[in-house]
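Have a look at the structure below, then the notes.
The values are calculated or read from the model by the stated rules, or taken from the named source; none is laboratory data. These numbers come from a predicted model, not from an experiment. All Cβ positions, glycine included, derive from the backbone under ideal geometry; neighbour counts span all protein chains shown.
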Amino acid sequence: MSAKRLLGTIVPLVFVAVSVVAQSNEVSVTAGRTFVSTQTILNPPLGDPNPNIHFGNEETLAFNYGRYLTRKRFLGFYAEVPVAIYFRMDLNTGYNQIPKDIGALFATPSLRMHFFSGESLTPWVSAGGGYGRFRYAPTRNFYSPNEGPSGSNTGVVQFGAGLDAWILHRWGVRAEARDFFSGEPDLIADPSHPANTGKSRQHNYYVGIGVLHRF
């Protein structure tokens, strides 16, 4: 075989191999909101007109790196690292013993399973677990100083589902919903009078939409 013919055979194979390797990775950025259910304070002060803690529906950014693992018939499997951040979720209650707001970061290595992998529309589900960090405002909800902790760490379990729509060869749109099931934040602005809700875990429901790129 001549060098020219050999080169003509090798070059297309190299491009195919590079294409396969290049598309084994993907990243996404989505934006949306996080929802936390109202929680009731146990044994609130007598006469408190609002013994519930209401959580604002905070704007949230989510980032994701995914790595293709394998395919079984119409199912595709990815390792992924979802990261979600909300910076300031306002809190409201009649009891002036909680921080004015909280922020959070969740990072949860997970396994994601795609249905009809390789098609232009691919629904998926995800599950995993990892780390969470809560930040607490330096003031209480009625602006007196917060005498409690400035932050706390927690373990997080993640469950999610979504839909990827590939519009171009390497670019797509992702819609996703995830539950970052974390420990309860330490809403203790006054250690001598903590706002006890009797809970140890909290659902942080994230819903968002954004862009997806594979490379």
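Annotation: of all residues in the range 114-151 being buried (at least 19 other Cβ atoms within 10 Å of the Cβ), of a type in the set (Gly, Ala, Ser) and more than 26 Å from Phe74 (Cα to Cα), the one that is nearest to the chain's Cα centre (by Cα) is Gly132.
Residues in the range 115-146 that are touching a Lys or Arg at 6+ places or on another chain (Cβ under 9 Å) and more than 30 Å from Asp190 (Cα to Cα): 7 in all.
Annotation: of all residues in the range 92-107 being assigned to a strand (DSSP E or B) and surrounded by fewer than 24 Cβ atoms within 10 Å (Cβ to Cβ), the one that is modelled with the lowest pLDDT is Asn92. Can you name the residue in the range 172-215 that is among the hydroxyl-bearing types (Ser, Thr, Tyr), at pLDDT 90 or above and not in a strand (DSSP E or B) and is also farthest from Ala137 (Cα to Cα) among such residues? Checking each candidate, the answer is Ser200.
If I filter the range 108-128 down to residues being among the aromatic types (Phe, Trp, Tyr) and in a strand (DSSP E or B), which single residue comes out as nearest to Gly172 (Cα to Cα)? That would be Trp124.
Looking across the range 160-171 at every residue that is among the aliphatic types (A, V, I, L, M) and assigned to a strand (DSSP E or B), the one that is farthest from the chain's Cα centre (by Cα) is identified as Ala165. Can you find, within the range 16-39, the residue that is nearest to Arg214 (Cα to Cα) among those that are small (Gly, Ala, Ser) and at pLDDT below 90? Applying the filter and picking the extreme gives Ala22. Of all residue pairs spaced 6 or more apart or on separate chains, those with beta-carbon atoms under 7 Å, a first member in the range 137-160 that is farther than 22 Å from Ala84 by Cβ and a second member that is of a type in the set (Phe, Trp, Tyr) and surrounded by 13 or more Cβ atoms within 10 Å (Cβ to Cβ) are Asn146/Tyr136; Gly148/Tyr136.
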